[in-house]
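Structure, as structure tokens:
What follows draws every value from the coordinates through simple rules; no lab data is involved. These numbers were taken from a predicted model, which means no experiment stands behind them. Backbone-built Cβ (ideal geometry, glycine too); neighbour counts: all protein chains shown.
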Amino acid sequence: MTMSEKAAFYQSLTAQARALCEGEPNRIAKLANLSALLNLALEDINWVGFYLCEQDNLVVGPFQGNPACVRIPMGQGVCGTAAASGQVQRVANVHEFSGHIACDSASNSEIVLPLRDGDNIWGVLDIDSPRYDRFDEEDEAGLSQWVAAVQPLL
């Protein structure tokens, strides 16, 4: 996929996500549909979903894929690092990430994006792939724009 095709793909994905959230007040219902949308739309992934902040942990929320780690301590693993730092974590090889938590041994690369309400991080979007280096700069930019557009609706 070219850069312009990928940008158009993420714009379309954002429009679909907005439509799924429109008029629905329940956050969990929206997150469930959003994880299903991403699971259907993204190629070469084996897990996509949300972890929600609860005290000093991230707790698994709506997702698509194999059963997942239920609790991740804040600051640990790729998800906990994204939540604690407030920064996107794009990892080409999770086996080289210090403190990686292997919920699924088939996952080889990962991208995690923090979810915010103002300055408050309330969760993360986590996407895993069995392919090494699955997520590139365009994926990070497209998913960051997707999160920015969707999180006010959540």
Taking the stretch 95-139, which residues are of a type in the set (Lys, Arg) and in contact (Cβ under 8 Å) with a residue 60 or more places away in the chain?
ARG131, ARG134
Could you please let me know if ARG90 is surrounded by 15 or more Cβ atoms within 10 Å (Cβ to Cβ), in a loop (DSSP other than H, G, I, E, B) and of a type in the set (D, E, K, R)?
no
Being crowded, with 17+ Cβ neighbours inside 10 Å and among the charged types (D, E, K, R) is the filter here, so list the residues in the stretch 129-154 that pass it.
ARG134, GLU138, ASP139
Within the stretch 96-154, can you find the residues that are of a type outside the set (A, V, I, L, M, F, W, C), touching a Gly at 6+ places or on another chain (Cβ under 8 Å) and assigned to a loop (DSSP other than H, G, I, E, B)?
GLY99, HIS100, ASP104
Of all residues in the stretch 17-45, how many are surrounded by fewer than 17 Cβ atoms within 10 Å (Cβ to Cβ) and either in contact (Cβ under 8 Å) with a residue 40 or more places away in the chain or farther than 15 Å from PRO62 by Cα (or both)?
9
Just name the residue that is farthest from VAL150 (Cα to Cα) out of those in the stretch 95-122 that are of a type in the set (Asp, Glu) and touching a Phe, Trp or Tyr at 6+ places or on another chain (Cβ under 8 Å).
ASP104
Could you say whether any residue in the stretch 106-128 is surrounded by fewer than 18 Cβ atoms within 10 Å (Cβ to Cβ) and in contact with an Asp or Glu (Cβ under 7 Å, 6 or more places away or on another chain)?
no
Restricting the stretch 46-84 to residues that are part of a loop (DSSP other than H, G, I, E, B) and of a type in the set (A, V, I, L, M, F, W, C), the one surrounded by the fewest Cβ atoms within 10 Å (Cβ to Cβ) turns out to be VAL70
Could you list all residues from the stretch 140-150 that are free of Cβ contacts under 8 Å to residues at least 40 places away in the same chain and hydroxyl-bearing (Ser, Thr, Tyr)?
none
